Every structure is written in C-alpha cells, then in structure tokens.
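S.K.: Dropping the structure in here first, questions after.
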Amino acid sequence: MKQQQHARTALVTGGSGGIGKACGRKLCERGYDVVLAARREGPLRAAAEEIGARHIVADASDPIGFARAIAPLETIDFVVHAAGVLGGTYARKQTFEQWREIMSANLDSCFVVTSAVLPRMHAGSRLVFISSSAAHEPMMARTAYSATKAGMNAFARALALEVDRDGISVHIVTPGPVETEMLQDVPFEMYAIQVADVADAVAWLDTVDPSVDLPEIRLNAVRRGPFARPPVVPTEARRRAEQRR
C-alpha cells in the first residue's frame, strides 16, 4: 500500500495582509500547508480563513515569543519573511525610539525568524526575504527604513553562504513600490506593481532546482509603453495636494 505524502509546510510572516497574504495565497495554490504569522489576531485570522491557511499570532521581532509560537511546527519547507514596516522620517527629526522600532521590526526580525526556523528546515527548504528597492536606492526621509533593507540583503547573502552546505536555499525578492496599504503614507505619486506580482515571483522560486543559486530577484513597474499601469497617487499625496490649493 502506497504511503500517503504529507503536504509541505510554508510559514509566511506578515501574513495578515499585503505581500505576505498574497504569498500565502499562492503557496496554498501550490499545495502547501500554509501558516500565516502576524501580530494582530483579527486581521490575521480573517486572512487565513480567506485563503485556506492556518495562522499563529507571533511578533517576528520577539525572539522568545516567536520561537514559542512556531514550536508546534515540526518541519518547515518554505519560509517567506514579509513582516516589516515602512516608517521613519528625516534623520534630524527622528527620535532614537523611532529608529529602534523600525530596526526591530525590519532587521532584528530577520535574525529572530531565521534563528527559529533553521532547526526545522532541511535539504531542499527555502527561505525568502522580502526586501525593497530602498536597499539599493535609499529613500530620502526614510533613513532607518533604507538602512534596514540594505541590512536585510546583506544578512540574507551571508546566511546563504552559511546554509548552502545544508542544502537550504536563501533568496531575496526586492520589489520597487508595491500598491499596498503601506504605500498610502508616501507623499508623492509613483509607478507601482501589484502584490500579486511579488507573490508570483516568490511562488516561482519553488520551481527552481535546489542546485541553482539565485541570490536576488528585482521587480519594478514598467513606466511607459503598452504595459505601463497608471501611476498610483497615495492618500498622503492627495492630502498634500489639497493643502496647496
């Protein structure tokens, strides 16, 4: 009698919405037993029910709490670290407390998540970090955010050199502006891609042979030609435009 195979497990941080939720949906479609993780239980539960996933309430920047939350997961085959915040302001205006909050959410979380999941990963597992174009082109008035994303990319590449001998693949997916709720705080219009575009790239990594080293995928919106989408005008940009009238 043929033994039944168990579904592969995928863990997605920042899974209550935006890129994380979209990635979770795509991995569900690929047959994964998806576990969404985020801090706010209400939106997290709703997202999990919508896409047919499980969920755990966990703060990706809390080492003890996060490790405890994922303890029931015996093995993890695919990790998407999408948790993070777009925050901060000009360096001359930013307080150290604000700096630390962004560093914790975006950069400390890389270590916290990695430390917790690695003992549950095996040859053939993948770890995907959702970065930002700010890692390569720092954003004015987003000093902390830019620093965390550059740090995330360096962390991921160093990690890849550490775990390749174990057969674990590490990838960075670096999108430009993505049309999410987070983008509404940006004070100018921009060309943006959709969360589904990022999720498609993440899901495609699941098809790449483990013998291939693919350090980073960069995604940006086309700005002209027949496939260019209209620019996004965030809520903050509209508010400032109205004030100038």
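The values are calculated or read from the model by the stated rules, or taken from the named source; none is laboratory data. The model shown is predicted, which means the values in this text are computed figures rather than measured ones. Quick reminder, even Gly has a Cβ in these numbers, built from the backbone with ideal geometry, and neighbours come from all protein chains shown.
S.K.: Give me the pairs, please: first residue somewhere in segment 112-128 and at positive phi, second residue anywhere and crowded, with 20+ Cβ neighbours inside 10 Å, beta-carbon distance under 9 Å, and either six or more positions apart or on two chains.
M.R.: G124/I168; G124/S169
S.K.: Starting from residues that are assigned to a helix (DSSP H, G or I) and of a type outside the set (A, V, I, L, M), keep the ones in segment 19-37 and report whichever is farthest from A67 (Cα to Cα).
M.R.: By that ranking, first place goes to E29.
S.K.: Same structure again: State whether one or more residues within segment 217-235 are part of a helix (DSSP H, G or I), basic (K, R), exposed (fewer than 14 other Cβ atoms within 10 Å of the Cβ) and free of Cβ contacts under 8 Å to residues at least 12 places away in the same chain.
M.R.: no
S.K.: I need the full set of residues from segment 140-173 which are closer than 13 Å to L86 by Cβ and surrounded by fewer than 16 Cβ atoms within 10 Å (Cβ to Cβ), in order please.
M.R.: Passing the criteria: only A141.
S.K.: When segment 149-200 is examined, which residues are found to be of a type in the set (S, T, N, Q) and assigned to a loop (DSSP other than H, G, I, E, B)?
M.R.: T180, Q194
S.K.: So how many residues does segment 1-36 have that are out of contact with any helix residue (DSSP H, G or I) (no Cβ under 7 Å at 6 or more places or on another chain), of a type in the set (G, A, S) and either crowded, with 24+ Cβ neighbours inside 10 Å or modelled with pLDDT of 95 or more (or both)?
M.R.: 2
S.K.: Here is a further query. Got at least one residue in segment 218-239 being among the small types (G, A, S) and closer than 22 Å to T89 by Cβ?
M.R.: Yes, the conditions are met somewhere in segment 218-239.
S.K.: Return the residues of segment 86-102 that are assigned to a loop (DSSP other than H, G, I, E, B), on the phi < 0 side of the Ramachandran plot, more than 16 Å from the chain's Cα centre (by Cα) and in contact (Cβ under 8 Å) with a residue 40 or more places away in the chain; say none if nothing qualifies.
M.R.: Answer for segment 86-102, where residues must be assigned to a loop (DSSP other than H, G, I, E, B), on the phi < 0 side of the Ramachandran plot, more than 16 Å from the chain's Cα centre (by Cα) and in contact (Cβ under 8 Å) with a residue 40 or more places away in the chain: T89, Y90, A91, Q94.
S.K.: Can you pull out the residues in segment 67-85 that are crowded, with 18+ Cβ neighbours inside 10 Å and within 17 Å of the chain's Cα centre (by Cα)?
M.R.: The answer is I76, D77, F78, V79, V80, H81, A82, A83, G84.
S.K.: Continuing with this model, one more query. For E74, which of the numbered conditions (1) part of a loop (DSSP other than H, G, I, E, B); (2) among the charged types (D, E, K, R); (3) within 25 Å of V195 (Cα to Cα) fails to hold?
M.R.: Of the numbered conditions (1) part of a loop (DSSP other than H, G, I, E, B); (2) among the charged types (D, E, K, R); (3) within 25 Å of V195 (Cα to Cα), the odd one out for E74 is (3).
S.K.: Related question: For S146, state whether it is within 18 Å of N220 (Cα to Cα), of a type in the set (S, T, Y) and in a helix (DSSP H, G or I).
M.R.: Yes.
S.K.: Go through (1) under 26 Å from R8 (Cα atoms); (2) surrounded by 15 or more Cβ atoms within 10 Å (Cβ to Cβ); (3) touching a residue at least 60 places away in the same chain (Cβ under 8 Å) one by one and return the number of the condition M182 breaks.
M.R.: Of (1) under 26 Å from R8 (Cα atoms); (2) surrounded by 15 or more Cβ atoms within 10 Å (Cβ to Cβ); (3) touching a residue at least 60 places away in the same chain (Cβ under 8 Å), only one is false for M182: (1).
S.K.: Right, G88: within 22 Å of E179 (Cβ to Cβ) and modelled with pLDDT of 95 or more or not?
M.R.: Judged against the criteria, G88 is not a match.
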